Amino acid sequence: MSFCDTPRATLSGSEAVMASPFSGVLQLTDLDDFIGPSQNCIKPVKVDKKSGSGIAKIHIEDDGSYFQVNPDGRTQKLEKAKVSLNDCLACSGCVTSAETVLITQQSHEELQKVLDANKVAAPGQQRLVVLSISPQSRASLAARFQLDSSATARKLTSFFKKIGVHFVFDTAFARNFSLLESQKEFVQRFRGQANSKEVLPMLASACPGWICYAEKTHGNFILPYISTARSPQQVMGSLVKDFFAQQQLLTPDRIYHVTVMPCYDKKLEASRPDFFNQEYQTRDVDCVLTTGEVLRLLEEEGVSLPELEPVPLDGLTNSVSAEEPTSHRGGGSGGYLEHVFRHAARELFGIHVADVTYQPMRNKDFQEVTLEREGQVLLRFAVAYGFRNIQNLVQKLKRGRCPYHYVEVMACPSGCLNGGGQLKAPDTEGRELLQQVERLYSTVRNEVPEDAPGVQELYQHWLHGEDSEKASRLLHTQYHAVEKTNSGLSIRW
């Protein structure tokens, strides 16, 4: 979470009323947990609010400058508050001035610029535009338009192709690789526990908000615990800019790759230097749109999604069926715990797990799963969603009292389906909307990574084997501790 020592304002129209020193959603007594919706948590100005001065208003001029209007009618020009990206924990809670640059660079306006440039480009000079949609974003849009997830996927494909996108993929295919690499890495760590380099518990790495927090707050202490497997978004980046580029006989820089994701932090993830191709000067993912930005694009184009004729998703290979979108069992964040748990039980102990039973602990976002034989606990896994539970987990690790072998960590309470970039419904109670999205997410055909069509084919013909140097380079990543600086914005967790 990011805190500043000045008041916040929620702006409506040209004025905003200052009510309390901090936004209510920031108060520590209500730490459940990430600040949302992040679009409404932008703090643009510093306000000099003196005790006893009454209610102050903020007036915004046409040129974008801010003026505080005091009760006596006097006005005071306000200085913009600047928070560097180095101060940000990427918790989807606030959008800093540095993040707004990324949001501008990765927005539906940028996509529109590329599509417009393609319309006037000379033959052979167009960029191939590829768009990959996450299952969580699909489910959120399905809830908004009262469609099922499959129909939503096909109608979104229709919409994007109408505006100039060439190929539309489902990121669930990329998630297969992320899950398989996570499973393999866990088994290797478990078997190599005697080696000090093999660290347990292994912590999931698919959430960029969690990764940013770990790198900036706990540095070299926490990083060895984190799985090196790339997130589905970044595996999709490898697939599109390497494998698919080869299939299309194009260099990576001739492809413009867009992903649709449930949170703003994916923009930060796509911008990491680790996912930049130095040879071709291009990112694996060029532009990230949140679910909300896709809705805005639909509105700006004057398109009613339910009225569009459905078009099938595209497949990365001939063996990948693109008729229906797919998902993975085990929750709205991709099912990392369940897939790793089942695989580890079978691979390490020869036990087939039919049903995974969750045991709620302190709250609904912290649950345990155990594998027992003859009264002995063989595996103990957990899910930890939200920064309150992440903080508790980190403290257990620091005290040497963490009993888990694996933890699925996500920054947002309730996981990715409740991401800061998902759609909010003002007429629907938040929990009710989330339940609708969860139901729609779960109705899509589930896919077992090991049996997913096309996956083993790509391991052999694209990556040259599961344990190859290329597989390690394109399916894994590394993390970097961020040196702390003395700042008034520093927070001790």
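A few notes on this one:
- Accessible-area value, Glu301, 1.4 Å probe, nucleic acids and ligands omitted, Å²: 80 Å²
- Using a Förster distance of 25 Å, the FRET efficiency for His218-Phe276 (Cβ separation, nearest 0.05): 0.50
- Across the accessible surface of the stretch 348-493, with the other protein chains kept in place and a 1.4 Å probe, carbon and sulfur atoms take up 45 percent.
- Here the calculated FRET efficiency for Val120 and Gln460, from their Cβ-Cβ distance with R0 = 45 Å, stands at 0.60, rounded to the nearest 0.05.
- Per residue, the stretch 177-293 exposes an accessible area of 31 Å² to a 1.4 Å probe, with every protein chain left in place.
- At full extension, Asn318 and Glu450 could sit 45.7 nm farther apart than now, given 0.36 nm per residue minus the alpha carbon distance.
- Heavy-atom accessible area ranking, 1.4 Å probe, most first, across His464, His108: His464, His108
- Computed from the C-beta positions of Glu372 and Leu250, the FRET efficiency with R₀ = 56 Å rounds to 0.60.
- For the residue pairs Lys155/Lys266; Lys241/Lys398; Lys119/Lys470; Lys119/Lys155; Lys77/Lys266; Lys77/Lys216, the C-alpha atoms sit more than 28 angstrom apart in Lys241/Lys398; Lys119/Lys470; Lys77/Lys266; Lys77/Lys216.
- Apportionment of accessible area to carbon and sulfur, the stretch 132-236, percent (1.4 Å): 48 percent
- Rough spin-label spacing in nm, given labels placed 7 Å along Cα→Cβ, for Glu109 and Lys396: 4.5 nm
The values are calculated or read from the model by the stated rules, or taken from the named source; none is laboratory data. It should be emphasised that the depicted structure is a prediction, and the values quoted were computed from it without experimental measurement. Note that each Cβ is placed from the backbone with ideal geometry, even for glycine, and that neighbours are counted across all protein chains shown. Accessible surface is based on the protein model in full, side chains and every heavy atom, while ligands, DNA and RNA are left aside. Shrake-Rupley method; radii C 1.70, N 1.55, O 1.52, S 1.80 Å.
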